[in-house]
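Engineer: Submitted below is the structure of interest, expressed as structure tokens.
The values are calculated or read from the model by the stated rules, or taken from the named source; none is laboratory data. All of these numbers come straight from a predicted model, not from anything done at the bench. Positions of Cβ are generated from backbone atoms using ideal geometry, with glycine treated the same way; all protein chains shown enter the neighbour counts. Accessible surface is based on the protein model in full, side chains and every heavy atom, while ligands, DNA and RNA are left aside. Shrake-Rupley method; radii C 1.70, N 1.55, O 1.52, S 1.80 Å.
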Amino acid sequence: MDVEYDNTYIERMFNCYTDASGVVRVPGAFSPWVIKETVLEDNFYHELTYHLVWEPNSTTIWSDLCNRVVYVYICDALAAPLWILDAQGNPMPGARHLCTVTANLSGLYSELTLQYGLDGRQYYGIVYYVLVALGGTELSARIRWYQGGVPYEGPATIIPDAFTR
């Protein structure tokens, strides 16, 4: 996952980039959803927030929305590591790809508004949420977004690791 850079991530400072909103980000950080050996209830799900941003003249907005992909990794370590991917984008020791969540967010296109970043630059941006149910017998996922303060949900597809090799 790409996270906003702070001194916690100083060892990967060389991998940082500035996104369209002017936020400095670093790829490959790990954010645990569930700590190892936690017993989950049947209705447990994890909600993860995603921010998408584009330069005003971007030609990829539509395709980026139509083909959203979220890669889900797990780590077998007892303590959560800082990184799930190494600097080259490969899983760290003890980490592995669990599944890929895909969704079509083209319905959010009408929600794009021109915004102003930290340094005054203009960009388009949206926020959406991936909800992954983990407590049942199989993984399932949904996408949530807000339009005019009203929550909406739509389907997402989970592709297990075995089918992505």
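Engineer: Give me the distance between the Cα centres of the range 102-165 and the range 1-69, rounded to whole Å.
Structural biologist: With the range 102-165 and the range 1-69 each reduced to a Cα centre, they are spaced 12 Å.
Engineer: Simple spin-label model, 7 Å along Cα-to-Cβ: Y17 to Y73 in nm?
Structural biologist: Inter-label distance under the simple model: 1.6 nm.
Engineer: Which of A77, A133, A29 ends up with the largest GNM mean-square fluctuation for the chain, with Cα atoms connected below 10 Å?
Structural biologist: Highest fluctuation of the listed residues: A77.
Engineer: With no solvent and one point on each alpha carbon, what is the Debye value of log10 I(q)/I(0) for the chain at q = 0.11, 0.13, 0.18, 0.19 Å⁻¹?
Structural biologist: These q points yield log10 I(q)/I(0) values of -0.52, -0.73, -1.33, -1.42.
Engineer: Here's another thing I want to ask about it. So what are the three principal axis dimensions of the range 8-83 from its Cα atoms, in whole Å, longest to shortest?
Structural biologist: If we take the Cα atoms of the range 8-83, the spans are 47, 34, 15 Å.
Engineer: What list of ³J(HN,Hα) couplings, whole Hz, do you get for the range 75-84 from phi and the Karplus terms 6.51, -1.76, 1.60, once you set θ to phi - 60° and write x for glycine and proline?
Structural biologist: Whole-Hz 3J(HN,Hα) from phi for the range 75-84: 10, 7, 5, 5, 9, 5, x, 6, 10, 9.
Engineer: Normalising by the residue count of the range 56-154, find the relative contact order in percent from Cα pairs under 8 Å and 6+ residues apart.
Structural biologist: Numbers: 122 pairs, mean separation 21.3, N = 99.
Averaging sequence separation for qualifying contacts and normalising by length gives 21 percent for the range 56-154.
Engineer: Residue-wise, which Karplus ³J(HN,Hα) couplings in Hz belong to the range 3-14, taking 6.51 cos²θ - 1.76 cosθ + 1.60, θ = phi - 60°, and x for glycine or proline?
Structural biologist: After applying 6.51 cos²θ - 1.76 cosθ + 1.60, I find 10, 5, 6, 8, 5, 4, 9, 4, 5, 10, 3, 5 Hz.
Engineer: With all protein chains present, how much of the accessible area of the range 63-165 (probe radius 1.4 Å) comes from carbon and sulfur, to the nearest whole percent?
Structural biologist: Numbers: 3150 of 5870 Å².
Taking all protein chains in place, the range 63-165 shows 54 percent carbon and sulfur surface.
Engineer: For the range 1-44, compute Rh as the Kirkwood radius over C-alpha pairs and then the Stokes-Einstein diffusion coefficient at 37 °C and 0.692 mPa s; write the answer in µm²/s, rounded to an integer. Each step should come with its number before you reach the end.
Structural biologist: Values: Rh = 12.5 Å.
The estimated diffusion coefficient comes to 263 µm²/s.
Engineer: Moving on to the next point. Ranked highest first by average number of other Cβ atoms within 10 Å, how do 80-88, 109-117 line up? The partial results should precede the final answer.
Structural biologist: Details: 80-88: 14.7, 109-117: 12.4.
The packing order, highest mean first, is 80-88, 109-117.
Engineer: Tell me, what ³J(HN,Hα) does each residue in the range 40-49 have, in order and in whole Hz, if you take phi through Karplus 6.51 cos²θ - 1.76 cosθ + 1.60 with θ = phi - 60° and put x for Gly and Pro?
Structural biologist: Values, residue by residue: 9, 7, 4, 9, 6, 9, 10, 10, 10, 8 Hz.
Engineer: Still on this structure, please answer the following. What residues qualify as long-range amide H neighbours of W83, i.e. H under 5 Å apart, gap of 5 or more or another chain, H built at 1.01 Å from N?
Structural biologist: The answer is F30.
Engineer: Would you pull out the residues with amide H under 5 Å of D2's amide H, same chain only if 5 or more places away, H placed 1.01 Å from N?
Structural biologist: Those lying under 5 Å, H to H, from D2 are G28.
Engineer: Now for a different question. What's the Cα-based Rg to Rh of the range 84-159, Rh via Kirkwood?
Structural biologist: On the way: Rg = 16.5 Å, Rh = 15.3 Å.
The Rg/Rh ratio comes out at 1.08.
Engineer: Let me ask something else. Restricting attention to the range 1-98, which GluC sites (Glu not before Pro) occupy a DSSP loop and are surrounded by at most 16 other Cβ atoms within 10 Å?
Structural biologist: Numbers: sites: E4, E11, E37, E41, E47; in loops: E37, E41.
Those that pass, being in a loop and sparsely packed, are E37, E41.
Engineer: When the helix-only estimate is applied to the chain (DSSP H runs of n ≥ 4, each -39,500 (n - 2.57), divided by the residue count), what is the mean residue ellipticity at 222 nm, nearest 500 deg cm²/dmol? Mind dumping the intermediate values first?
Structural biologist: Details: 1 runs with 6 residues, N = 165.
Using -39500 (n - 2.57) per qualifying helix, the result is -1000 deg cm²/dmol.
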